[in-house]
1. Please go through segment 201-230 and write out the GluC sites (Glu not before Pro) that DSSP classes as loop and that have at most 11 other C-beta atoms within 10 Å.
2. Set the Förster radius R0 to 30 Å, insert the Cβ-Cβ distance between D208 and K17 as r into 1/(1 + (r/R0)^6), and round the FRET efficiency to 0.05.
3. Testing the spin-label approximation: label points 7 Å from Cα along Cα→Cβ at S140 and R55. State their distance in nm.
4. Given the peptides 92-99, 186-193, arrange them by the average over their residues of other C-beta atoms within 10 Å, most packed first.
5. Nearest 500 deg cm²/dmol is fine: what mean residue ellipticity at 222 nm does the chain get from its DSSP H runs of n ≥ 4 alone, each adding -39,500 (n - 2.57), divided by its residue count?
6. Between segment 38-108 and segment 184-212, how many Å separate their Cα centres?
7. Using a 10 Å cut-off on Cβ atoms, rank the peptides 35-45, 106-116 from the highest mean neighbour count down.
8. What length, rounded to one decimal in nm, is gained on full extension from L151 through to E42, with 0.36 nm per residue of separation minus their alpha-carbon distance?
Amino acid sequence: MGRHFEVRAAAMAATAKAKSAIYMRASKEIYAAAKSGVPDPESNLALRSAIEKYRKQCPKDVIDRAIEKAKGGDAIAYLAGRYEFFGPGGSYIVVDTLSDNQNRALTGVRTIVTRKGGKMGSVLYNFQMLGVLDFKAEESKLQEVEDALILADVDLQDASYEDGEIQVTVAPSDLEKAKACLKEIGINDFETAEVTYIPNETVDLDDDDKAKVKAMIEELNENEDVQNVYHNVENL
């Protein structure tokens, strides 16, 4: 399972609107993680994971402000939601939300998807939750990575090399163990280190359906309540 399975739901365009959406997403997730326990990443695994997820996508001050906000007396009740859809051309779409208004979140997500030809339905069984780590390395490093993870008793699902990066997939519960193991062999900088959903199989759409799905995902990613979008479309 290489990088062509597109670990991330969709790459967001480098526009002001897209960046703003990423910063809002990071702020909410980090705030919620900090509120779930001690607002210190050294003692709060959920917070540490959220920071790791967003540290390359947004400035440090966005992260720091979210943590400081969580230390304050006000408590915003963000509730998580998950919505599943059949998309154009036999595609599958899964949308995670984090919102202080679940009715608004559902209405907004459903409107975006149905306007592009999708409909609600159960599709999550077509995805597998995995811990994913991407990092820059030479292909010659791959065997050492595999051996180190296996010897550390990490539940390794796959390890592959493509375009100057190694991608490792592990059981979700072993993500932190895998990260610690890799740091022991000199890998300290991760492009990706998160638990995410990977499609069991992907689908290649015609140009028209692919354009609909791409537009749908871009609009979802810009929605204030959306946290993650997963799909099974190749080469989107």
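1. Answer in residue order: E201.
2. 0.75
3. Using points 7 Å along Cα→Cβ, the separation is 2.8 nm.
4. Ranked by mean Cβ neighbours within 10 Å, highest first: 92-99, 186-193.
5. -12000 deg cm²/dmol
6. 19 Å
7. 106-116, 35-45
8. Gain on stretching L151 to E42: 36.7 nm.
Here, each number is a calculation from the coordinates, and none is a lab measurement. All values derive from a computational prediction rather than experimental measurement. Cβ atoms come from the backbone with ideal geometry, glycine included; neighbour counts cover every protein chain shown.
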